[in-house]
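A.B. asks: A single structure is presented below for examination.
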Amino acid sequence: MLALQLLVNGLVTGSALGLVAISFSLIYSTTKIFHVAHAGVYTMAGYVAWSLASRGMPDVVTLVVTVAACMAMGALIQHQLYARLERRRATPLVVLIASLGALAVMQNVIAAIYSPNILQFPVPWGSQMVVLGGVRLTWTQILTVLASLAAYGATVWFFHRTILGKQIRAVASNPFLAEITRLHPQRVYIIVVGIGSAIVALPGILVPLDLGLQPYSGITPLLTATIAMIAGGIGSITGSFVIAVGIAVLQNLSLLVIPGEWSIGITFFIFVIFMLFRPTGLFAAAR
Amino acid sequence: MDFLFSYIALAEVYVLLGLSTNLLVGIAGIFSVSQAAVFGVGAYIVAQLLMTETMGFVPAMLVASLVCIALNVLVTLPSLRVSGDYFVVTSFGIQLLATAVFINWTQGTGGANGLPGIPPPDLFGVMLETNAQLVMLTTVSVGLGCLAFWLIMRAPFGRLLRAIREDELAVAAVGKGVLQAKVSAAALAGAFAGSAGGLYATFLSFIDPVSFDLDASILLLTMVVVGGARTLAGSIIGPFLLLALPQVLTFIDIPTTIAASARQLIYGVLLIVFMLFRPQGLAGEKL
């Protein structure tokens with residue numbers, strides 16, 4: 001019974017993690033930037049939502065404003081930081097250091113404003129329990145799974161069925177050719193980072209709704225998500241999502257034998273195995 | 001006077017760490033946020049060996065350096081074989097894993113409370129107890145470190161590393177072992193960081209996980225970025241400047257609750273500003 005509960009918990013955290021992985025994968029496979037500051041956008045989402053919710057905003061308004069704020073922040077980072085560095089022909093190392101700087105700035109601005117302590121969402125329905133076939137779930141957890149699956153489906157649809165999605169994939173596969181066909185890679189990059197940041201706002205709100213907010217908690221999910229992206233095959237949306245769910249399930253099931261504080265070890269172990277035996281990932285062919 | 005001594009000694013420990021980070025990030029061009037983890041491993045090993053009276057200070061330092069070399073080789077070999085971005089993930093992973101070990105492995109590391117009462121270092125039977133003696137020790141060690149760094153940079157090996165940073169493909173084309181050179185650079189960086197850890201532990205006689213977390217790694221990166229990459233002067237200027245920063249901050253009236261975040265915030269801003277406007281730092285070469 002405990003195993004079943006852990007399995008379900010894994011599916012819940014996994015679906016949220018899957019969205020982080022998708023959003024990072026989109027940004028990384030298109031801009032080729034290892035966008036560490038994404039963890040900052042993820043953290044920011046929770047705090048923006050918390051501020052609005054604790055001022056009595058309706059939930060829908062909170063959601064829309066938070067997603068918009070994250071989108072704007074992502075676009076700002078791309079436009080003001082990465083694009084500037086690109087114009088100066090900065091090496092990937094320089095871009096990465098700047099991104100880490102942006103992450104440090106965001107995390108610590110949040111910590112200075114809201115204090116580094118855990119904050120709980122003032123949402124009463126979020127922690128109400130439902131028992132489904134012997135498994136206890138909160139409404140937040142059910143919402144997390146539904147919203148994540150919907151967002152996953154929407155992302156896949158967007159990138160394969162819409163013009164803009166196809167343009168983004170064109171730029172991702174060959175920026176030079178895309179520029180010749182007047183696609184303006186730099187503009188597409190801003191759009192992609194914006195979309196990625198909007199997607200990451202969802203897990204950014206839903207996970208703290210369940211577990212509470214902390215300013216420095218973005219790095220671990222981002223790291224797990226990047227591992228899922230690599231193991232799933234860079235550029236494959238489905239691959240990242242599936243592997244993210246798999247990692248979260250494994251992490252949760254491992255709680256049966258290993259205490260929770262070592263779960264980062266499990267994640268990392270999975271990464272090392274992939275790196276040694278299948279560095280291109282499971283779903284790599286689909287590009 | 002004691003205050004000045006401890007500032008100098010600590011800054012010198014960080015100069016050793018700066019040299020280590022500079023070798024890895026500046027010269028070999030490998031982005032790493034796990035430098036503080038390696039530093040911590042060195043510190044805990046020397047602390048344990050001295051506290052259990054297994055051996056004297058000099059052999060303990062040797063053991064710590066060897067372990068840190070082995071650790072860095074083990075960490076870099078599988079990931080650099082694939083690509084630089086895989087090492088970014090690896091270094092984040094190692095840093096988070098190391099912090100988990102430092103905090104949770106209570107028997108070996110004292111957990112979050114740290115290890116108090118580390119005995120002072122001894123050199124060939126002489127106990128170094130006063131601050132003046134300890135400063136002499138760190139100064140001599142840093143002198144040796146700087147000499148080694150300077151010699152390495154002049155040696156063919158140093159030129160090989162510079163060449164790799166400029167154009168990896170060209171270096172591989174003339175038949176030099178790129179992976180081997182990078183892993184050797186990482187090994188050297190490990191030796192520097194490990195011995196810095198030993199000096200740090202014996203100088204403070206107390207260590208805890210906070211000194212070796214991700215924030216500490218970011219601080220190390222900031223030191224190299226501000227001081228300047230790839231030069232001896234840069235690795236010396238950075239630590240001395242940035243360690244003075246907390247003292248300067250005490251003059252400005254910042255509430256103590258946000259002092260830590262404010263400090264990290266400044267590091268983040270420095271990273272961004274230097275990457276945008278002066279990637280070579282104060283006294284370095286182009287990063």
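A.B. asks: Of all residues in the stretch B:175-233, which are part of a loop (DSSP other than H, G, I, E, B) and of a type in the set (Lys, Arg)?
C.D. replies: Passing the criteria: B:LYS176, B:ARG230.
A.B. asks: Quick one: in the stretch B:94-109, of everything that is small (Gly, Ala, Ser) and closer than 15 Å to A:THR267 by Cβ, which residue is nearest to the other protein chains (Cβ to nearest Cβ)?
C.D. replies: Selected residue: B:ALA100.
A.B. asks: Another one. What about A:LEU76, is it more than 16 Å from the chain's Cα centre (by Cα), at pLDDT 95 or above, closer than 30 Å to A:GLY239 by Cβ and within 14 Å of chain B (Cβ to nearest Cβ)? Steps first, answer last, please.
C.D. replies: On the way: more than 16 Å from the chain's Cα centre (by Cα): yes; at pLDDT 95 or above: yes; closer than 30 Å to A:GLY239 by Cβ: yes; within 14 Å of chain B (Cβ to nearest Cβ): yes.
So A:LEU76 passes the test.
A.B. asks: I've got another one for you. Would you confirm, using the coordinates I've provided, whether A:VAL20 is in contact (Cβ under 8 Å) with a residue 12 or more places away in the chain, at negative phi, crowded, with 24+ Cβ neighbours inside 10 Å and assigned to a helix (DSSP H, G or I)?
C.D. replies: Yes; evaluated as a whole, the condition is true for this residue.
A.B. asks: Right, A:ARG89: within 14 Å of chain B (Cβ to nearest Cβ), in a helix (DSSP H, G or I) and over 30 Å from A:VAL257 (Cβ atoms) or not?
C.D. replies: no
A.B. asks: Restricting attention to helices (runs of 4 or more DSSP H) lying wholly within the stretch A:138-234, give those where 1 or more residues are among the hydroxyl-bearing types (Ser, Thr, Tyr) and crowded, with 20+ Cβ neighbours inside 10 Å.
C.D. replies: Those helices (runs of 4 or more DSSP H) span A:139-161, A:185-211, A:219-232.
A.B. asks: Can you confirm whether the stretch A:202-215 contains a residue that is within 14 Å of chain B (Cβ to nearest Cβ) and in contact with a helix residue (DSSP H, G or I) (Cβ under 7 Å, 6 or more places away or on another chain)?
C.D. replies: yes
A.B. asks: Here's a follow-up. Within the stretch B:230-247, track down each residue that is surrounded by 24 or more Cβ atoms within 10 Å (Cβ to Cβ) and small (Gly, Ala, Ser).
C.D. replies: B:GLY234, B:SER235, B:GLY238, listed by residue number.
A.B. asks: For the stretch B:30-37, does any single residue satisfy the condition of being away from chain A (no Cβ under 14 Å), out of contact with any strand residue (DSSP E or B) (no Cβ under 8 Å at 6 or more places or on another chain) and modelled with pLDDT of 90 or more?
C.D. replies: no
A.B. asks: Looking at the stretch A:115-123, can you tell me whether even one residue there is in a helix (DSSP H, G or I), of a type outside the set (Lys, Arg) and out of contact with any His (no Cβ under 9 Å at 6 or more places or on another chain)?
C.D. replies: Scanning the stretch A:115-123, I find no residue that is in a helix (DSSP H, G or I), of a type outside the set (Lys, Arg) and out of contact with any His (no Cβ under 9 Å at 6 or more places or on another chain), so the answer is no.
A.B. asks: When both residues are 6+ apart or on different chains and their Cβ atoms are under 6 Å apart, which pairs have a first residue that lies in the stretch B:257-282 and is within 7 Å of another protein chain (Cβ to nearest Cβ), and a second that is modelled with pLDDT under 90?
C.D. replies: So the pair list comes out as B:ALA262/B:ILE254; B:PRO279/B:LEU287.
A.B. asks: Can you tell which of B:GLY158, B:GLY143, B:GLY197, B:GLY177 is small (Gly, Ala, Ser) and over 29 Å from B:ILE237 (Cβ atoms)?
C.D. replies: Criteria check complete, one pass: B:GLY177.
A.B. asks: Inside the stretch B:53-89, can you point out the residues that are assigned to a helix (DSSP H, G or I) and of a type in the set (Asp, Glu)?
C.D. replies: Kept after step one, since they are assigned to a helix (DSSP H, G or I), are these residues of the stretch B:53-89: B:57-82, B:84-89.
Answer for the stretch B:53-89, where residues must be assigned to a helix (DSSP H, G or I) and of a type in the set (Asp, Glu): just B:ASP85.
A.B. asks: Of the residues that make up the stretch A:41-49, is at least one more than 19 Å from A:LEU211 (Cβ to Cβ), within 12 Å of the chain's Cα centre (by Cα) and modelled with pLDDT of 95 or more?
C.D. replies: Taking every residue of the stretch A:41-49 in turn, none turns out to be more than 19 Å from A:LEU211 (Cβ to Cβ), within 12 Å of the chain's Cα centre (by Cα) and modelled with pLDDT of 95 or more.
A.B. asks: Could you say whether any residue in the stretch B:90-107 is assigned to a helix (DSSP H, G or I), at positive phi and not hydrophobic (A, V, I, L, M, F, W, C)? Give the derivation first.
C.D. replies: So the first thing to find is which residues in the stretch B:90-107 are assigned to a helix (DSSP H, G or I), and the list is B:90-104, B:106-107.
Checking the rest, the ones that are also at positive phi come to none.
No - not one qualifying residue is present in the stretch B:90-107.
A.B. asks: Could you tell me whether A:SER240 is more than 10 Å from every other protein chain (Cβ to nearest Cβ), within 30 Å of A:ALA104 (Cβ to Cβ), among the polar types (S, T, N, Q) and not in a helix (DSSP H, G or I)? Give the steps one after another, and end with the answer.
C.D. replies: Numbers: more than 10 Å from every other protein chain (Cβ to nearest Cβ): yes; within 30 Å of A:ALA104 (Cβ to Cβ): yes; among the polar types (S, T, N, Q): yes; not in a helix (DSSP H, G or I): no.
Taking the combined requirement at face value, the residue does not satisfy it.
A.B. asks: Still on this structure, I have one more. With the structure loaded, tell me whether A:LEU103 is over 24 Å from A:VAL48 (Cα atoms), part of a helix (DSSP H, G or I), of a type outside the set (Lys, Arg) and within 11 Å of chain B (Cβ to nearest Cβ) or whether it fails that test.
C.D. replies: no
A.B. asks: Also, I was wondering about something else. Of all residues being touching a residue at least 60 places away in the same chain (Cβ under 8 Å) and within 9 Å of another protein chain (Cβ to nearest Cβ) in the stretch B:216-228, which is surrounded by the most Cβ atoms within 10 Å (Cβ to Cβ)? Just the residue, please.
C.D. replies: Once the filter is applied, the top-ranked residue is B:VAL225.
A.B. asks: Scan the stretch B:198-212 and give yes if some residue there is within 14 Å of chain A (Cβ to nearest Cβ), more than 30 Å from B:ALA163 (Cα to Cα), surrounded by fewer than 21 Cβ atoms within 10 Å (Cβ to Cβ) and modelled with pLDDT under 95, otherwise no.
C.D. replies: Looking through the stretch B:198-212, at least one residue is within 14 Å of chain A (Cβ to nearest Cβ), more than 30 Å from B:ALA163 (Cα to Cα), surrounded by fewer than 21 Cβ atoms within 10 Å (Cβ to Cβ) and modelled with pLDDT under 95.
A.B. asks: Among the residues of the stretch B:72-93, which ones are touching a helix residue (DSSP H, G or I) at 6+ places or on another chain (Cβ under 6 Å), surrounded by 22 or more Cβ atoms within 10 Å (Cβ to Cβ), within 14 Å of chain A (Cβ to nearest Cβ) and not small (Gly, Ala, Ser)?
C.D. replies: Within the stretch B:72-93, B:VAL75, B:THR76, B:PHE87, B:THR90, B:PHE92 qualify.
A.B. asks: So, one more: Going through the stretch A:109-119 one residue at a time, which ones are surrounded by fewer than 17 Cβ atoms within 10 Å (Cβ to Cβ), more than 8 Å from chain B (Cβ to nearest Cβ) and out of contact with any strand residue (DSSP E or B) (no Cβ under 8 Å at 6 or more places or on another chain)?
C.D. replies: A:ILE113, A:ASN117
A.B. asks: Specify the residue that is nearest to A:ALA53 (Cα to Cα); the eligible residues are those in the stretch A:112-129 that are of a type in the set (A, V, I, L, M, F, W, C) and in contact with a Phe, Trp or Tyr (Cβ under 7 Å, 6 or more places away or on another chain).
C.D. replies: Top of the filtered list is A:PHE121.
A.B. asks: A:SER263: within 10 Å of another protein chain (Cβ to nearest Cβ) and either within 28 Å of A:ARG136 (Cα to Cα) or among the small types (Gly, Ala, Ser) (or both), yes or no? Break it down into steps so the answer makes sense when it comes.
C.D. replies: Details: within 10 Å of another protein chain (Cβ to nearest Cβ): yes; either within 28 Å of A:ARG136 (Cα to Cα) or among the small types (Gly, Ala, Ser) (or both): yes.
Yes; evaluated as a whole, the condition is true for this residue.
A.B. asks: Now, a different point. I'd like to verify a number: residues in the stretch B:109-168 that are over 20 Å from B:GLY56 (Cα atoms) and either in contact with a Cys (Cβ under 7 Å, 6 or more places away or on another chain) or of a type in the set (Phe, Trp, Tyr) (or both), how many?
C.D. replies: Going through the stretch B:109-168 one residue at a time, the tally reaches 3.
A.B. asks: Please state which one of B:LEU23, B:LEU66, B:LEU10, B:LEU19 is out of contact with any strand residue (DSSP E or B) (no Cβ under 8 Å at 6 or more places or on another chain), within 23 Å of B:ILE152 (Cα to Cα) and surrounded by fewer than 20 Cβ atoms within 10 Å (Cβ to Cβ).
C.D. replies: B:LEU66
A.B. asks: Within the stretch B:160-174, work out how many residues are part of a helix (DSSP H, G or I) and farther than 19 Å from B:PHE31 by Cα.
C.D. replies: Of the residues in that region, 4 qualify.
The values are calculated or read from the model by the stated rules, or taken from the named source; none is laboratory data. From a predicted model like this one, the values you see are computed outputs, not experimental measurements. Please note: Cβ atoms are built from the backbone with ideal geometry, for glycine as well, and neighbour counts cover all protein chains shown.
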